[in-house]
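Engineer: The following block contains the structure, expressed as structure tokens.
The values are calculated or read from the model by the stated rules, or taken from the named source; none is laboratory data. Only a predicted model underlies this, so the values are computations on that prediction, with no experimental measurement involved. Every residue, glycine among them, receives a Cβ derived from its backbone with ideal geometry; neighbour counts consider all protein chains shown.
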Amino acid sequence: MSDPRDPYQNPPGWTDPYAEAPVESPGIPLDPSGPQGPPSGQPPGSPLLTGLIIGLLLVALSVAVFQLFGSESTEEAATTTSTTAPDQSTTTTSADTTITTPTTVPPTDPYDAVPPAIPADDLKMMTDGLRVNDNDIPDLKFGSSDETSIGRLVASFGEPDDTGWQTSTGQWGVCAGDLERVLTFDTFAAIVTKSGGSEIFNGYRSDINYGDITEPPATIETLSGLTLNDTVADLQSIYASQRVSFVDHASLGPTFLVESVSNGTTLLWGPVQGEAPTDRVTGIYAPDVCDR
């Protein structure tokens, strides 16, 4: 065998240091047990980049969960709920209103007459009830027993038109949703309500539109002397010591208002034809139950 030839013309004695090295097979490393580098063409992974990606995913997931449960809570808060109150009424609450509607209406029993009959001239309308000008008969005050007070009126004026127990809409001055019963004796209406389980006489309204103006109830006057069909001039003269004003009522139109000059409380009010001195007083009402 001839000596290896040096293609680069090295000095004599030159040997090829790789002549004895084994030939590497394609795709097989020389030392499989040695440290391995990353595959060709694939850069090494970055822990910082991996953590950043995981963090962004967690933030996105948290936002999605918050929006899901937050919207459900908002929808639940906006829904209408109903509960049963101790007075056997259903309270309905929404985002805008709260209305209490009785679920049970008491039976409507007729009132028996409670003699003696009281002449209309002996009854006087007051802020807190009816004065009876008879020393043997107590006044019919608001808060008194309905059986006695209404029974006295039945004995005096006969059987009334009776609405029976009903849920108030506010028409008669009783708070909307409360129970009321209105008994009308021609032009005079007595209002009965419930308070703490008791049924009581709690208001009145005298109005020429309720019945026959020629019947005795139309002659019932106030303690100061105002009666139905008096003029506005009469009204202002009778209550000259108090504050008299006129306002437009949403359903009644022009109304008068008599207020105490000492404390501003409402004493009486009612509809009138207008504010001119010759206009007539068409109604005399006690202060509304709901405003007391």
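Engineer: What pairs come out if I take residues in the range 219-236 that are under 13 Å from T282 (Cα atoms) and pair them with residues that are in a loop (DSSP other than H, G, I, E, B) and among the charged types (D, E, K, R) whose C-beta lies under 9 Å away, six or more apart or interchain?
Structural biologist: If the second residue must be in a loop (DSSP other than H, G, I, E, B) and among the charged types (D, E, K, R), the pairs left are E221/D230; T231/D279; V232/E275; V232/D279.
Engineer: So which of T193, T187 is in contact with an Asp or Glu (Cβ under 8 Å, 6 or more places away or on another chain), touching a residue at least 24 places away in the same chain (Cβ under 8 Å), within 22 Å of N229 (Cα to Cα) and buried (at least 20 other Cβ atoms within 10 Å of the Cβ)?
Structural biologist: Numbers: T193 fails: within 22 Å of N229 (Cα to Cα).
Within the list T193, T187, the selection yields T187.
Engineer: Oh, and also: Answer yes or no: is there a residue in the range 253-264 that is assigned to a loop (DSSP other than H, G, I, E, B), β-branched (V, I, T) and either buried (at least 22 other Cβ atoms within 10 Å of the Cβ) or touching a His at 6+ places or on another chain (Cβ under 8 Å) (or both).
Structural biologist: Here is the first cut: in the range 253-264, the residues assigned to a loop (DSSP other than H, G, I, E, B) are 260-264.
Those left that are additionally β-branched (V, I, T): 261.
From the residues that got through so far, the ones that are either buried (at least 22 other Cβ atoms within 10 Å of the Cβ) or touching a His at 6+ places or on another chain (Cβ under 8 Å) (or both) too are none.
So far as the range 253-264 goes, no, none of its residues is assigned to a loop (DSSP other than H, G, I, E, B), β-branched (V, I, T) and either buried (at least 22 other Cβ atoms within 10 Å of the Cβ) or touching a His at 6+ places or on another chain (Cβ under 8 Å) (or both).
Engineer: Condition test on V174, is it of a type in the set (A, V, I, L, M, F, W, C), closer than 21 Å to E221 by Cα, under 33 Å from the mean Cα position of the chain (by Cα) and at pLDDT 95 or above? Spell out the reasoning first.
Structural biologist: Working: of a type in the set (A, V, I, L, M, F, W, C): yes; closer than 21 Å to E221 by Cα: no; under 33 Å from the mean Cα position of the chain (by Cα): yes; at pLDDT 95 or above: yes.
Judged against the criteria, V174 is not a match.
Engineer: Let me ask something additional. Would a scan of the range 162-170 turn up a residue that is over 29 Å from D230 (Cβ atoms), among the β-branched types (V, I, T) and within 31 Å of the chain's Cα centre (by Cα)?
Structural biologist: Yes, that holds for at least one residue.
Here's the yes/no breakdown for (1) within 30 Å of F256 (Cα to Cα); (2) of a type in the set (D, E, K, R); (3) touching a Pro at 6+ places or on another chain (Cβ under 6 Å):
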{"site": "N133", "(1), (2), (3)": "yes, no, no"}
{"site": "D136", "(1), (2), (3)": "no, yes, no"}
{"site": "S198", "(1), (2), (3)": "no, no, no"}
{"site": "N202", "(1), (2), (3)": "yes, no, no"}
